[in-house]
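Report on the structure given below.
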Amino acid sequence: MTQAQLQETANTPALNEEPGIRKWQDYFGFNTDHKVIGIQYLVTTFIFYCMGGVMADLVRTELRTPETDFVTPEVYNSLFTLHATIMIFLWIVPAGAGFANYLIPLMIGAKDMAFPRLNAVAFWMIPPAGILLISSLVVGDAPDAGWTSYPPLSLVTGQVGEGIWIMSVLLLGTSSILGAINFLVTLLKMRIPGMGFNQMPLFCWAMFATSALTLVSTPVLAAGLILLSFDLIAGTTFFNPTGGGDPVVYQHMFWFYSHPAVYIMILPFFGAISEVIPVHSRKPVFGYKAIAYSSLAISFLGLIVWAHHMFTSGIPGWLRMFFMITTMIIAVPTGIKIFSWLATMWGGKIRLTTAMLFAMGFVGTFVIGGISGVMLAAVPFDIHVHDTYFVVAHLHYVLFGGSVLGIYSAIYHWFPKMTGRMINEFWGKVHFTLTIVGLNMAFLPMHKLGMMGMNRRVAQYDPKFTTLNEICTYGAYILAISTFPFIINAIWSWMYGPKAGNNPWDALTLEWMTTSPPAIENFDKLPVLATGPYDYGLEKAKEDVPLDDPNPVLSGGPNSVLRAEPDPKVAANPEDRK
Amino acid sequence: MQSQTIDPAKTALNHHHAATTEAHHEEHPDHRIFGLIVFLIAEGMIFLGLFGAYLAFRATLPAWPPEGTPELELLLPGVNTVNLIASSFVMHNADTAIKKNDARGMRTWLAITAAMGIIFLLGQVYEYTHLEFGLTTNLFASAFYVLTGFHGLHVTIGVVAILAVLWRSRTKDHYNSEKHFGIEAAEIYWHFVDVIWIILFGLLYLL
């Protein structure tokens, strides 16, 4: 930042007599405040999560018995297709963007994102895309070729539904590219003076890696979908073998996005967990640089492993070796993160808040998902369990046990900041318990089912799988029930919860150094950075400003690393410091 | 909001903190060029995806272009290529002119660039109408139309952007040596479209 900008920030009049309180109507319109957009993202995607969850439970209800007795096979195909599409493109990916929107400017001390209007545009692509996708159910021709939409199958089943699927995914892809551009520019250009890349909170690092990955991989999916839509609508044969096309090319293009997408879905929550664990363990994060740089390593490796989804697609043997080895290497940076989190907790004064419980649940279940991932990376094993429930178990451990628990952890951690009120911990713990029980009940037996040979994406199965499927189904019901304590708790606490204060967790990152909820332009005065974001218990952080300071932005919060030492130029003019 | 209580003279730098809560959301000029470049990386990846797919189709088929595909005429697209490359230099002149505060010169160069872009598009349309294969003739034909068509769409967007800049430059002093983001952005985009065409020309016509 230039001196002029510093001056400008310091001169900004205090906009918030009622700090950060917005009218509820603000959240239902076009607003360019990153905090409003962040909450719009989170609430919208949560609504889609509930819809996707209903579809999941319908799928599981069908699978409770071996026969197709609940829905027709056609409806079943549409249900699992929509379930996956919604959960991936309308819940986990945009939920990460929601947190990034809310937190990045606060964490780096910026007033807003680099392109606030573009930010709002990116958000407002999501509701229409979601409505479009779900409208396919009303049309009566919902997409039913799986979330991968592999041709030639996707070209011969429901044409209208497939077209809707392509349009919707293209729109969501555009939204996430626009978001990624915004995050990258904001992170690279708008950090407060004194915050180098190595002083940036780990969530920002994670979003930097995620955005770079989004930027490079999403357009390739768009290219694939453009070609697919020509096949579907204009009668070309890019992916249709009857006209000389090659469906495997589509698989390459699809997985060049969709494999990195699993990192787009998990990296933001690696970042969120890296914030939650040190704060609630009261210890400096172990291996800050290791966690930060391993995100970049994961992004890079994530880009070169896509064909491990295609071991059975007839790709050459040497290519399978390459993708097997690179895939297994990803376990290294991921392991670095896991051990850094464990080492952070080691010997810390752990506070078992709901956020921390979810973070610990995240680490535990993600490790299970990660290990089955390494198993699947091995070509011989993958050939054995390809397209069985083992794969379903793996991906749900990673995406539910990882991403969704990460989202919940982040919600519980930042709820006081976003709403200004504390969320009820008792009901949070009820929510956590039900989620962990339901999650393991629903997905653990799937490993066994897959090893026994049960195919995925089938509505009917051999009666010998019945017992395990029943357990999975009841687990899925528990997961559905688990969201109710959360929804009621969140709404109730938002309205009536006890006031949170600025920094209820005694955290050191910048977002806690402003009011809760933050003022419209985030910081009254430009914060000044004294130590790193995780220096709990270190001398510099100890000698900080007194607790319960009424005006934390001006004088630093509890244990704050911040002292808003006024700019000398501003200090000359006391009027401006009011 | 409370900005009214502040003496405007003291807040000359934050004049945009006007009465509405939206007003502070003004984008920083340096960020915009950087953002545009990041955006073009994403655009480049779409084209890279399409090029990759093209090469993959080419590699899997025994004969390329598939038998019976008429030879492509090189003269018209060749002239068009030269035209597009030249237009990039013309566009650069517009940028140089405005940096010297020569608004008149800038408008002239912009108009010439737009005209060259339109000539390129007309040439492409002429070529399309005279080709002896259609969109669904074979895989090469499909790829040819989709790739050149997608590029043509980008040229169209570029021409519209240049015309928009030209339109806005009617207002006196809309652009000057200090403030010319619109022209710079249009220029960067135009160069991008040009580079993509050079790769595309090599892939489709020469390789």
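Please treat every number below as a calculation from the coordinates, not as lab data. What you are looking at is a predicted structure, and each value in this text was computed from that prediction instead of being measured. As a convention, Cβ positions derive from the backbone with ideal geometry for all residues, glycine included, and neighbour counts pool all protein chains shown.
Tabulated data
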read-out	value
For A:176-188, mean number of other protein chain Cβ atoms within 10 Å	4
Sites B:Ala59 and A:Arg457 - FRET efficiency at Förster radius 51 Å, r taken between beta-carbons, to 0.05	0.95
Cα-Cα separations in the stretch A:426-531 greater than 23 Å, expressed as whole percent	56 percent
Unit Cα scatterers, Debye sum, the stretch A:295-420: log10 I(q)/I(0) for q = 0.23 Å⁻¹	-1.34
Rounded FRET efficiency, nearest 0.05, which uses the C-beta distance separating A:Asn198 from A:Ile329 and R0 of 30 Å	0.75
Debye equation applied to the C-alpha atoms of the stretch A:468-529, log10 I(q)/I(0) at 0.13, 0.16, 0.19, 0.27 Å⁻¹	-0.60, -0.71, -0.81, -1.09
Per-selection Kirkwood Rh - chain A (Cα, Å, 1 d.p.)	24.6 Å
Along principal axes, Cα extents of the stretch A:250-311, largest first, whole Å	48, 17, 15
Per-residue average of Cβ from other chains inside 10 Å of A:433-442	0
Distance between modelled label sites at B:Thr129 and B:Val195, nm, 7 Å Cα→Cβ extension	3.4 nm
Rh (Kirkwood; distinct C-alpha pairs) - the stretch A:440-482, Å	10.6 Å
Simple spin-label estimate for B:Lys179 and B:Glu67 in nanometres, 7 Å along Cα-Cβ	6.6 nm
For the stretch A:300-356: Kirkwood Rh in Å [reciprocal of mean 1/r, alpha carbons]	13.9 Å
Shape metrics for the stretch B:131-207, restricted to C-alpha atoms - Rg then Dmax, Å	17.0, 53
222 nm mean residue ellipticity, helices alone, for chain A (DSSP H n ≥ 4; -39,500 (n - 2.57); rounded to 500)	-20500 deg cm²/dmol
Value of Rg to Rh for chain B (Rh from inverse mean 1/r over Cα pairs, i.e. Kirkwood)	1.12
Listed pairs B:Lys100/B:Lys179; A:Lys289/A:Lys337; A:Lys283/A:Lys429; A:Lys35/A:Lys417; A:Lys35/A:Lys111; A:Lys35/A:Lys429 exceeding 20 Å between Cα atoms	A:Lys283/A:Lys429; A:Lys35/A:Lys429
10 Å Cβ neighbours from other chains, averaged over peptide A:219-232	5
Normalised per residue, the volume of the convex hull around the Cα set of the stretch A:38-193 (Å³)	107 Å³
Normalised alpha carbon radius of gyration of the stretch A:387-475 [divisor 2.2 N^0.38 Å]	1.36
Dipole magnitude of the protein assembly as shown about its Cα centre (Cβ charges: Lys, Arg +1; Asp, Glu -1), debye to nearest 20	1380 debye
Rg ratio (alpha-carbon, reference 2.2 N^0.38 Å) - the stretch A:411-462	1.83
Directionally averaged shadow of the stretch A:85-163, computed from the convex hull of its alpha-carbon atoms, nm²	6.1 nm²
Derived scalar couplings ³J(HN,Hα) [the stretch A:146-160; Karplus, 6.51 cos²θ - 1.76 cosθ + 1.60; whole Hz; x for Gly, Pro]	x, 6, 7, 6, 4, x, x, 4, 5, 8, 9, 7, x, 6, 5
